[in-house]
Amino acid sequence: MAALRPESLLILLLPLLPPPASAEPASPPEPPAAARVPHRPAPLTDVAKLCVCDLLVAQCDVNCCCDPDCSAAEFSLFTTCSVPIVTGDSRLCSQKAAIYSLNVEANPPERIFKLIDHINPSIFCIHTANYKQALSFISPETPTSENFDQLLKQFGSATFSTEFESWSINPDSQISSDANGTYRYKYGVPIQTVDAFVRLPSPVVSSWCSDANPAGFLVNQATKCSRLVSVETCSTIQAVSMLFYINSSILAVPKSSQMVNITVQAIVVQSVNGIRTLLDSNEVLRLPAVLDELCINIVLGVSYHITYTEAGEITGAAASFVLGAITKETLSIQQSFEISFTQVNTKPAPLSGNPGYVVGLPVRAGFRPHGSGIIQNTDKYGQFTILQSTSNQDCLAAAGARTPVLFGYNMISGCKLRITAAMDCQLLAQTLLDLLKGQNFPEYVASFGNSRAQDVLDWVPITHLHVSDQSSCQIPVSLEIEVQWTKYGSLVNPQARIVNVTATVTTTTFNQLPSGRERTVPIMSSVVFTDISSPAEPGYKARPTINVKLPFDFFFPFV
């Protein structure tokens, strides 16, 4: 092999040398201060015009609710929307989402289109476009003796911004840019205070508490995290003091001067051995203090309760505290935080799962007056009921005795009706129908155990069927309720979701009896839960349905 000449060695080294000063491009001028204000990236796609199921050219695709080629008549023939939601860049923290659904109650059925603001729940999302060069990247600056201190100040911390000046969250940037509009809180928007936002400490990367987690409007949360604390430093740590959680007033609406003070609703004191005592007075502010070898009045838990109006205005805020004591041996404590919301002039409805139904809890149901949300009975055991068996087996004496429909429980109950010649058919038919269905048979059933009353599309209408032989006078003898449900979500943790409810009333012919004669007719009501989920992967076992039969001569419940 020939030896390498010096000329060729020089050619190999030339690309590694820095370019001459004349060839170096001029650095872009520093933008003015106004241009460096962080801003959210503009969406690149109009989701209202995006349709991923539109496959046929100039033709209507079946069940494609976003297909612009479909007419209203063709929408009325759809059974479901194959693509119910269309979003843009999933990496953004806030983006527009197009929601498509079908209103099966309309005549004829029609398509419903809504454009909403979709909030990304992930903590790793693009919130602000604060990089100078936007989507382009330049070679990093080479450290020298002249710029080393500047680069160390900019990139030497655990976290840093691509802008030299570190930017902070501006409350004004969280609100819509429409300066003339009336601002109201929307779902997921951080609840603002005079100085920042309502803090709901939570673990971020490790189990240690991070106080930078804002509480979102209408987002019920419950978190637990650990915090380093000792007797010597307990009085100087702000996060273990009651004052840290109530010293800042909440803004009733964003960008306003109207404030709502956080009041103390309850104080529970926990001793070193775990015994809790509710204090009679909540007006005394108890701050951490060292007593002998203990540090008392340490905040172990905070529960916020926010009341709001339908227009998105906060009217009240209350906090309940759990205060404890630590010894010199204590190195860390675990704190728990909760926040809940209640609309004014309403009562919170009990849940039956979060989100999916839990076997054994009542099925949630309610009514929907014209043009309003779902109205529920505050008693979860009285929302959806069937006839309850009694010991005397007399149907006319059992009127008003009801038992709740429990998710996953197949139930059957009934009674016996003694028919005499003096009974009127029409009156008897109405009496038996009220006996089977009850006085307030619901119109809707919640698809999930935590479906909200204002989310009408999250409720399933009850389909009513009537089976008879079309004779002159019919009396109902049975009510059969079928609840179809499916496993929703991941196979690792599937959630039970109700997709259809059918109530079938079966009647029989009423034959007038001769004078002095009588006969006995059994009246029955039943509930059947049917799993219509698609087959799961091998090795996954579905939760079995529990069959419960209530005998005529025994009081419910009896499993």
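The values are calculated or read from the model by the stated rules, or taken from the named source; none is laboratory data. Not measured: the values here are computed from a predicted model. Every residue, glycine among them, receives a Cβ derived from its backbone with ideal geometry; neighbour counts consider all protein chains shown. Areas reflect the complete protein model, heavy atoms only, side chains present, ligands, DNA and RNA absent. Shrake-Rupley method; radii C 1.70, N 1.55, O 1.52, S 1.80 Å.
For this structure, a couple of remarks:
- The set of residues from the range 402-429 being of a type in the set (A, V, I, L, M, F, W, C) and within 18 Å of ALA503 (Cβ to Cβ) comprises VAL405, LEU406, PHE407, MET411, ILE412, ALA429.
- Here the condition is being closer than 24 Å to PHE510 by Cα, of a type outside the set (Val, Ile, Thr) and in contact with a helix residue (DSSP H, G or I) (Cβ under 9 Å, 6 or more places away or on another chain); of LEU396, LEU433, LEU428, it holds for LEU396 alone.
- Qualifying residue in the range 280-303 (condition: open to solvent by 40 Å² or more (accessible area, probe 1.4 Å), outside any loop (DSSP other than H, G, I, E, B), among the small types (Gly, Ala, Ser) and under 30 Å from ASN440 (Cβ atoms)): no
- For the range 183-211, a residue qualifies if it is under 18 Å from SER336 (Cβ atoms) and either open to solvent by 30 Å² or more (accessible area, probe 1.4 Å) or in a strand (DSSP E or B) (or both), and the qualifying residues are ARG199, SER202, PRO203, VAL204, SER206, SER207, TRP208, CYS209, SER210, ASP211.
- Residue check for GLN133: over 30 Å from CYS65 (Cα atoms) and either outside any loop (DSSP other than H, G, I, E, B) or modelled with pLDDT of 85 or more (or both): no
- In the set ALA325, ALA311, ALA317, only one residue is assigned to a loop (DSSP other than H, G, I, E, B) and either of a type in the set (A, V, I, L, M, F, W, C) or open to solvent by 30 Å² or more (accessible area, probe 1.4 Å) (or both); that residue is ALA311.
- Any hit, the range 90-99, residues being at pLDDT 85 or above, over 30 Å from VAL205 (Cβ atoms) and either assigned to a loop (DSSP other than H, G, I, E, B) or not polar (S, T, N, Q) (or both): yes
- Members of the range 514-536 that are surrounded by 12 or more Cβ atoms within 10 Å (Cβ to Cβ) and of a type in the set (Gly, Ala, Ser): SER525, SER526, SER533, ALA536
- Filtered residue count, the range 310-368, keeping only those that are among the small types (Gly, Ala, Ser) and more than 30 Å from ILE298 (Cα to Cα): 9
- Members of the range 468-486 that are more than 30 Å from GLU110 (Cβ to Cβ) and open to solvent by 30 Å² or more (accessible area, probe 1.4 Å): SER468, ASP469, GLN470, SER471, SER472, GLN474, GLU480
- Tally, over the range 328-355, of residues that are part of a strand (DSSP E or B), farther than 17 Å from GLY274 by Cα and of a type outside the set (D, E, K, R): 6
- Those residues of the range 363-413 which are assigned to a strand (DSSP E or B), touching a residue at least 40 places away in the same chain (Cβ under 8 Å) and more than 16 Å from ASN440 (Cα to Cα), in sequence order: LEU406, TYR409, ASN410, MET411, ILE412, SER413
- Residue selected from the range 422-447 under the condition charged (D, E, K, R) and over 15 Å from ILE481 (Cα atoms), by the criterion modelled with the highest pLDDT: ASP434
- Residue that is surrounded by the fewest Cβ atoms within 10 Å (Cβ to Cβ) [pool: residues in the range 212-262 that are free of Cβ contacts under 8 Å to residues at least 12 places away in the same chain and part of a helix (DSSP H, G or I)]: THR236
- Only residues that are open to solvent by 50 Å² or more (accessible area, probe 1.4 Å), among the β-branched types (Val, Ile, Thr) and modelled with pLDDT of 90 or more were counted across the range 328-362, and they come to 1.
- Output for the range 370-402, where each listed residue is closer than 27 Å to LEU457 by Cα and surrounded by fewer than 20 Cβ atoms within 10 Å (Cβ to Cβ): HIS370, GLY371, SER372, GLY373, ILE375, ASN377, THR378, ASP379, LYS380, TYR381, GLY382
- Unmet criterion (only one of (1) at pLDDT 80 or above; (2) in a loop (DSSP other than H, G, I, E, B); (3) closer than 30 Å to ASN63 by Cα; (4) not small (Gly, Ala, Ser)) for PRO121: (1)
- Single match in ASN511, ASN450 (criterion: exposed (fewer than 13 other Cβ atoms within 10 Å of the Cβ) and either among the basic types (Lys, Arg) or modelled with pLDDT under 90 (or both)): ASN511
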